[in-house]
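The values are calculated or read from the model by the stated rules, or taken from the named source; none is laboratory data. The model shown is predicted, which means the values in this text are computed figures rather than measured ones. Glycine also receives a Cβ, built like all others from the backbone with ideal geometry; neighbour counts cover every protein chain displayed.
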Amino acid sequence: MKSKKQKQKEVEQLKKELAEAENLVVVQFKGLNVEQDTDLRDKVRKADSNYKVVKNRLAKISAEGTPAEPLIGSFEGPTAIAYNSGDPVTLAKALSDYARANPAFEFKAGMVEGRVVEISTLAAIAALPSHDELIAQLMYLINAPAQRIAVGVNAVGRNIAVALGQAVEQEKFG
């Protein structure tokens, strides 16, 4: 059993993390075995996010005065939180993919960029391309016209060289 001092330290640390978190999902993890939980933690970590199983009472105290305060009512039953201060899409994708494979894993509440959102909104966010995918698409769109111009310019020079080469072979410059 943890001492009061340990619990206070835990609350302070969680409060700090929740204050910095822009995106947070409260989930119910009932029925997950150790292997499934480890898999979930790996997926969340790869999404540059954090995942913690929390004691409801300590989570409620920690959430007070933070952007997560409106979610206090969802801290009931077996609860865990996943959060980050970066890209909400990567977190939503990791959790949604995991939830599809593990029906015992359920969303309770969510916050995206500091605003409370419906659970259905989390699914919609998970369907969006990630920040890196958007940048790749944008770079392709920017690069495509320049690439076509380069191919066209190279084609003119190549065609002239081919024509001159054929003319020399046919001794047309005599």
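Can you give me the number of residues within the stretch 122-174 that are touching a Phe, Trp or Tyr at 6+ places or on another chain (Cβ under 7 Å) and farther than 30 Å from MET111 by Cβ? Before you say what the answer is, go through the steps one by one.
Looking only at the stretch 122-174, we keep the residues that are touching a Phe, Trp or Tyr at 6+ places or on another chain (Cβ under 7 Å), and these are 122, 167.
Among the residues that remain, those that are also farther than 30 Å from MET111 by Cβ are: 167.
The number of residues fulfilling the criteria is 1.
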May I ask you to list the residues in the stretch 86-129 that are buried (at least 16 other Cβ atoms within 10 Å of the Cβ), among the polar types (S, T, N, Q) and in a helix (DSSP H, G or I)?
THR90, SER96
List the pairs whose first member sits in the stretch 126-137 and is not assigned by TED's automatic domain parsing to the domain that holds SER96, whose second member is at pLDDT below 80 and exposed (fewer than 11 other Cβ atoms within 10 Å of the Cβ), and whose Cβ atoms are under 8 Å apart, counting only residues at least 6 apart or on separate chains?
none
Selected residue (criterion: nearest to TYR98 (Cα to Cα)) from residues of the stretch 126-174 that are under 39 Å from the mean Cα position of the chain (by Cα) and of a type in the set (S, T, N, Q):
SER130
Taking into account only those residues within the stretch 57-83 that are closer than 21 Å to GLN36 by Cβ and of a type outside the set (A, V, I, L, M, F, W, C), which is surrounded by the fewest Cβ atoms within 10 Å (Cβ to Cβ)?
GLY77
What pairs come out if I take residues in the stretch 1-25 that are more than 11 Å from SER62 (Cβ to Cβ) and pair them with residues that are part of a helix (DSSP H, G or I) and of a type outside the set (Phe, Trp, Tyr) whose C-beta lies under 6 Å away, six or more apart or interchain?
ASN23/PRO88; ASN23/LEU91; VAL25/LEU95
Could you please find all residues in the stretch 152-167 being surrounded by 10 or more Cβ atoms within 10 Å (Cβ to Cβ) and β-branched (Val, Ile, Thr)?
VAL153, ILE160, VAL162
